[in-house]
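Trainee: The structure under discussion is supplied below as structure tokens; questions concerning it will follow.
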Amino acid sequence: MKKILSISAILALSLNLSAATATTNFNVTATVASSCQINSASELAFGTYDPLSTTDVESTNTISITCSNGTAYSVGLDGGSSTNVNGRTMSGGTDSLSYAIYSDAAKTNIWGNTVGTDTLNGTSTSSASTINLTGYGVLTAGQDVVPDNYTDTIVATVTY
């Protein structure tokens with residue numbers, strides 16, 4: 001005699017076979033690194049210098065950086081070809097033309113490259129914001145130099 005199982009009996013058997021479960025948890029992690037980059041640095045162009053003038057020539061430039069939100073940064077400028085931030089010079093032929101770069105509009109703080117001493121420091125408040133820093137250049141009047149084109153190259157560094 002054949003036994004026919006009812007639909008309810010089949011469902012009851014299948015429920016008993018699949019009723020057991022087990023679970024576990026796992027962590028999802030990520031580490032967000034501090035990050036900064038220098039986007040650009042404009043030229044510090046003094047224009048034409050008259051060695052007979054008694055007036056200093058002043059100019060500004062902008063260094064643009066971006067840092068991740070909450071990242072503390074220091075931006076420094078090296079001494080250029082003279083390697084001394086307190087005695088920067090541009091070369092032209094056989095002569096040198098002295099100049100300074102300050103980190104403040106009052107021109108009291110030479111902008112150098114010793115972190116915590118003469119760099120510009122801050123903390124980024126948004127990864128989407130560009131931070132623009134201004135350099136204030138002064139070309140001292142009355143330098144006895146020959147006519148020529150004078151240049152120097154400064155390296156800007158962001159430390160974070």
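Trainee: Tell me which strands (runs of 3 or more DSSP E) are completely within the range 102-159 and hold 1 or more residues being hydroxyl-bearing (Ser, Thr, Tyr), surrounded by 13 or more Cβ atoms within 10 Å (Cβ to Cβ) and touching a Gly at 6+ places or on another chain (Cβ under 7 Å), or say none if there are none. Break it down into steps so the answer makes sense when it comes.
Mentor: Numbers: elements: 120-123, 131-139, 156-159.
The strands (runs of 3 or more DSSP E) meeting that bar are 156-159.
Trainee: Within the range 23-49, can you find the residues that are closer than 30 Å to PRO147 by Cβ, in contact (Cβ under 8 Å) with a residue 40 or more places away in the chain and among the small types (Gly, Ala, Ser)?
Mentor: To start, the set of residues in the range 23-49 that are closer than 30 Å to PRO147 by Cβ comprises 41-49.
If we keep only those that are in contact (Cβ under 8 Å) with a residue 40 or more places away in the chain as well, we get 41, 44, 46, 49.
Residue satisfying the conditions is ALA41 alone.
Trainee: A further question follows. For the range 77-132, what are the residues that are farther than 23 Å from VAL146 by Cα, in contact (Cβ under 8 Å) with a residue 24 or more places away in the chain and of a type in the set (A, V, I, L, M)?
Mentor: Passing the criteria: LEU77, VAL85, ALA105, ILE110, VAL115, LEU120, ILE131.
Trainee: Looking at the range 27-48, which of the residues that are surrounded by 11 or more Cβ atoms within 10 Å (Cβ to Cβ) and of a type in the set (Gly, Ala, Ser) is farthest from ALA141 (Cα to Cα)? Don't jump to the end; show me each part of the working.
Mentor: Narrowing the range 27-48 to residues surrounded by 11 or more Cβ atoms within 10 Å (Cβ to Cβ): 34-42, 44, 46.
Restricting the remaining residues to those that are of a type in the set (Gly, Ala, Ser) gives 34-35, 40-42.
Details: SER34: 43, SER35: 41, SER40: 29, ALA41: 26, SER42: 23 Å.
Filtering first and then ranking leaves SER34.
None of the figures in this text is laboratory data; all of them are computed from the coordinates on show. This structure is a prediction, so every number in the text was calculated from the model and none was measured. Backbone-built Cβ (ideal geometry, glycine too); neighbour counts: all protein chains shown.
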